[in-house]
Amino acid sequence: MNASRPLKLDARRVALTHYNERTRQPLEVLCGLDLEVSEGELVTIVGPSGCGKTTFLNAVDGLVRITSGEIRVDGRVVDKPGPDRAFVFQHDCLFPWRTVRQNVAYGLEIQGKLAKAERNERAAGFIELVGLHGFAEHYPHELSGGMRQRVNIARALVMEPQLLLLDEPFAALDAQTREFMQVELLKILARAKTTALFITHQINEAIFLSDRVVVFSARPATIKETIAIDLPPGRTLAIKHEPHFVELEKHVWRLIEEEAARTGMMTAAA
Amino acid sequence: MAMQHTTAGAPDTVQPSAKPLEVPVRSYWQRNENWLLGTISMSLFLIFWELVVAFGWVNPLFTSSPSRIVSAASDMFADGSIYEHIAVSAHEFAVGYGLAIVIGVPLGILMGWYSRVNAVLEPFVSALYATPRIALLPLILIWLGIGIASKIAIVFLGAVFPILVNTITGVRTVEADFIKVARSFGCSDRQLFLTVALPSSVPFLLAGLRLGLGHALVGIVVGEMYGATKGLGFLIATAGARFQTDQVMVGIILIASAGVAMTELLRLIERRFERWRPNLRG
């Protein structure tokens with residue numbers, strides 16, 4: 001962690017308990033989580049399925065309330081969604097009745113600060129940024145899965161958030177497109193100079209993208225380990241075959257395996 | 001489809017020795033096949049109809065014939081007797097269907113958006129939607145008489161429920177994911193309604209308008225047959241009672257044409273609103 005850079009996310013002892021309305025059973029999802037993300041960092045959260053990664057991200061966005069602890073984004077306590085954060089959803093969730101330009105400008109329209117012409121101009125800039133020049137007037141159904149996900153990212157970036165939250169944005173893409181989009185995302189985030197918190201199930205995606213990988217324990221989630229990824233910037237897909245990368249991958253996988261075994265999701269390795 | 005044939009060679013590649021590009025020209029027949037087939041089958045049917053009457057195989061009292069219908073229609077238009085029937089029916093339809101839209105759409109939006117409004121009105125809507133509205137005709141005639149008002153009421157009652165129920169469904173069935181996206185951008189309730197609920201319910205709303213149209217036309221004809229002094233339904237009923245089959249047919253054709261024309265008009269509006277839908281144009 002770089003102390004010289006300001007903290008964009010500062011989560012302290014975050015706990016969250018869900019109450020099932022039908023069974024009236026409490027379910028402890030998050031338990032005393034501490035997580036810091038400095039300006040310009042890309043931090044990825046991995047962990048066994050159902051461990052509460054998405055719940056944590058929703059809490060940072062303010063879509064769900066935490067039970068105790070504190071989440072600060074850019075120094076301000078989070079209690080509801082705000083313009084300092086933007087969320088990229090797993091399914092692109094583009095509004096099918098809006099063109100690419102109208103989808104990207106959506107957040108600005110809701111915010112209501114800019115005039116229509118300015119909104120469109122900003123949207124156009126971010127459509128360029130994600131490499132969709134010439135597609136501004138297309139409807140989502142006319143785009144491929146990868147292009148739709150670019151629009152989804154542009155829709156979040158246009159808000160110029162202090163912190164970008166990405167919830168498995170490439171999960172619905174085919175394997176090849178997914179790899180290319182990883183490279184693209186690194187370029188886009190470097191150009192937009194955005195701090196990002198990224199959730200994924202894919203360990204090699206996490207390592208490839210991140211400055212740090214945070215491994216969540218099984219539910220109730222705490223942080224099991226944080227791994228600094230000391231790979232150089234300007235990464236290309238070839239890096240995934242280098243011994244150091246493979247080492248990191250094995251290490252992260254072992255941590256997740258331990259957690260999965262602990263909860264009986266997987267029988268312990270012999 | 002034509003594109004597949006014409007892109008055989010990329011236009012910007014230079015091929016000096018290549019033969020000139022063969023662009024298969026699709027004949028007039030190929031381009032208009034569906035339309036032509038429909039016209040031909042219809043024409044054959046009309047000719048057959050004319051002939052069976054001309055040869056005396058069937059009694060024109062029962063079936064009339066295309067030429068008799070045309071001459072009956074030209075007589076009715078020439079002496080002007082048809083115009084007031086058309087005017088009365090059109091008036092009933094316009095006011096009844098218009099009221100159904102003006103009341104059904106906003107009420108449907110309210111019922112879909114506010115669950116309390118829905119809880120209060122839902123029993124009435126369900127009960128009336130399940131009742132064949134034609135069954136209410138005697139009551140409406142008692143209340144409003146045999147003038148134009150009773151027919152407006154029956155057209156309105158026929159059209160308003162499909163419009164209302166479809167609008168409610170449309171506003172209700174907003175995808176949860178879209179709501180989540182909107183909320184994450186800090187959408188207020190009002191903005192959520194305007195930017196998500198309303199546009200996503202448009203297809204439902206238009207389907208309601210189309211269903212309502214059919215009910216409205218049935219309302220006119222049955223209403224006028226049951227108790228009226230003018231209108232196309234009245235014309236059909238009285239001509240039928242006097243065995244003037246030609247005039248009955250003229251009335252039927254006029255109403256059917258109006259129905260087809262208005263359905264087509266709605267389809268055009270639907271295309272305008274649903275440009276974003278894939279494969280609409282097929």
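Would you please give the FRET efficiency between A:Leu231 and A:Ser144, computed as 1/(1 + (r/R0)^6) with r the Cβ-Cβ distance and R0 = 25 Å, to the nearest 0.05?
The formula returns an efficiency of 0.30 here.
Would you kindly work out the equivalent ellipsoid of the stretch A:1-107 from its C-alpha gyration tensor and give its semi-axes, the square roots of five times the eigenvalues, largest first in whole Å?
Working through the eigenvalues yields semi-axes of 25, 22, 13 Å.
With N set to the residue count of chain A, report its C-alpha Rg divided by 2.2 N^0.38 Å to two decimal places.
Dividing the Cα Rg of chain A by 2.2 N^0.38 Å gives 1.02.
Per-residue mean of other chain beta-carbon atoms within 10 angstrom of the beta-carbon, peptide A:86-96?
Details: counts 2, 5, 2, 4, 1, 3, 2, 9, 2, 9, 8.
Counting other chains' Cβ atoms within 10 Å and averaging over A:86-96 gives 4.
Can you pull out the buried accessible area for chains B and A, both sides counted, probe 1.4 Å, rounded to the nearest 100 Å²?
Adding both sides of the contact gives about 1900 Å².
When the scattering of the protein assembly as shown is computed by the Debye formula from its Cα atoms alone, each counted once and equally, what is log10 I(q)/I(0) at q = 0.07, 0.12, 0.13 Å⁻¹?
-0.65, -1.15, -1.26
Quick one: work out the % antiparallel among DSSP beta bridges in chain A, nearest 5.
Here the antiparallel bridges make up roughly 55 percent for chain A.
Provide the per-residue ³J(HN,Hα) series for the stretch B:140-155, in order, calculated from phi with Karplus coefficients 6.51, -1.76, 1.60 and θ = phi - 60°, each as a whole number of Hz, with x at glycine and proline positions.
5, 5, 5, 6, 10, x, 8, x, 6, 4, 5, 6, 4, 4, 6, 5
Suppose each label sits 7 Å from its Cα in the direction of the beta carbon; what would the B:Gln244-B:Phe55 distance come out to in nanometres?
It is 3.1 nm.
At a cut-off of 30 Å², which residues of the stretch B:174-195 become less accessible once all protein chains are present than in their chain alone, using a 1.4 Å probe?
SASA drop of 30 Å² or more in the stretch B:174-195: B:Asp177, B:Phe178, B:Lys180, B:Val181, B:Ser184, B:Phe185, B:Gln191, B:Thr195.
Quick one: angle between helix A:175-192 and the longest Cα principal axis of chain A, in degrees between 0 and 90, rounded to 10, please.
Roughly 70 degrees between the two axes.
Can you compute the FRET efficiency between B:Phe77 and A:Ala117 using 1/(1 + (r/R0)^6), with r the Cβ-Cβ distance and R0 = 56 Å? Round to the nearest 0.05.
0.55
How would A:Thr177, A:Thr44 line up by accessible area, probe 1.4 Å, largest first?
Correct descending sequence by accessible area is A:Thr177, A:Thr44.
From largest accessible area down, sort B:Ile142, B:Ile134, A:Ile71; use a 1.4 Å probe on the protein chains.
Result, largest first: B:Ile142, B:Ile134, A:Ile71.
What spacing in nm lies between the two simple spin-label points modelled at A:Ala171 and B:Trp29, each 7 Å away from Cα in the Cβ direction?
5.6
Viscosity 0.890 mPa s, temperature 25 °C: Stokes-Einstein D of the stretch B:56-182 from its Kirkwood Cα radius, in µm² per second? Can you show the working numbers first?
Details: Rh = 18.1 Å.
Estimated diffusion coefficient is 136 µm²/s.
Lysines within cross-link reach of A:Lys250: Cα-Cα under 20 Å, excluding same-chain residues under 8 positions apart?
A:Lys224, A:Lys240
Where Lys and Arg each count +1 and Asp and Glu each count -1, what net charge lies around A:Asp211 among other residues with Cβ under 13 Å from its Cβ?
Around A:Asp211, the surrounding residues sum to 0.
Run the quick spin-label model on A:Arg65 and B:Phe62: label points 7 Å from Cα toward the beta carbon, then report their separation in nm to one decimal.
With each label placed 7 Å out from Cα toward Cβ, I get 7.8 nm.
Quantify, in whole percent, the carbon and sulfur part of the accessible surface of chain B (1.4 Å probe; protein heavy atoms only). Don't skip to the end; give the middle numbers.
Working: 11210 of 16530 Å².
Its accessible area is 68 percent carbon and sulfur atoms.
Leaving ligands, DNA and RNA out of it, rank A:His133, A:His141 by accessible area with a 1.4 Å probe, largest first.
Putting A:His133, A:His141 in descending order of accessible area: A:His133, A:His141.
List the residues of the stretch A:100-128 for which accessible area in the full set of protein chains is at least 20 Å² lower than for the chain on its own; 1.4 Å probe, protein heavy atoms only.
A:Tyr106, A:Ile110
Can you list the equivalent-ellipsoid semi-axes of the stretch B:72-273, largest first and in whole Å, using the square root of 5 times each Cα gyration tensor eigenvalue?
In descending order the semi-axes read 39, 19, 11 Å.
So if we plug the beta-carbon distance of B:Ala90 and B:Tyr114 into 1/(1 + (r/R0)^6) with R0 = 35 Å, what FRET efficiency do we get, rounded to 0.05?
After rounding to 0.05, the efficiency reads 0.45.
Report the gain in length on full extension from A:His251 to A:His18: 0.36 nm times residue separation, minus Cα-Cα distance, nm rounded to one decimal. Display every interim value, and only then the final one.
Numbers: separation 233, 0.36 × 233 = 83.88 nm, distance 3.16 nm.
Here the segment from A:His251 to A:His18 would lengthen by 80.7 nm.
Run the reach check for A:Lys8 against lysines, Cα to Cα strictly under 17 Å, same-chain hits fewer than 8 apart removed. What comes back?
By straight Cα distance, A:Lys8 reaches A:Lys80, A:Lys193.
How charged is the neighbourhood of A:Leu16? Take every other residue with its Cβ under 10 Å from the Cβ of A:Leu16, and add Lys/Arg as +1 and Asp/Glu as -1. Show your work: numbers first, answer last.
Working: positive: A:Arg65; negative: A:Glu28.
Result for the local shell: 0.
The values are calculated or read from the model by the stated rules, or taken from the named source; none is laboratory data. Computed from a predicted model, the values in this text were never measured in an experiment. Don't worry about glycine lacking a Cβ; one is built from the backbone with ideal geometry, like all the others, and counts go over all protein chains shown. Keep in mind that these areas ignore ligands, DNA and RNA; they rest on the heavy atoms of the full protein, side chains included. Shrake-Rupley method; radii C 1.70, N 1.55, O 1.52, S 1.80 Å.
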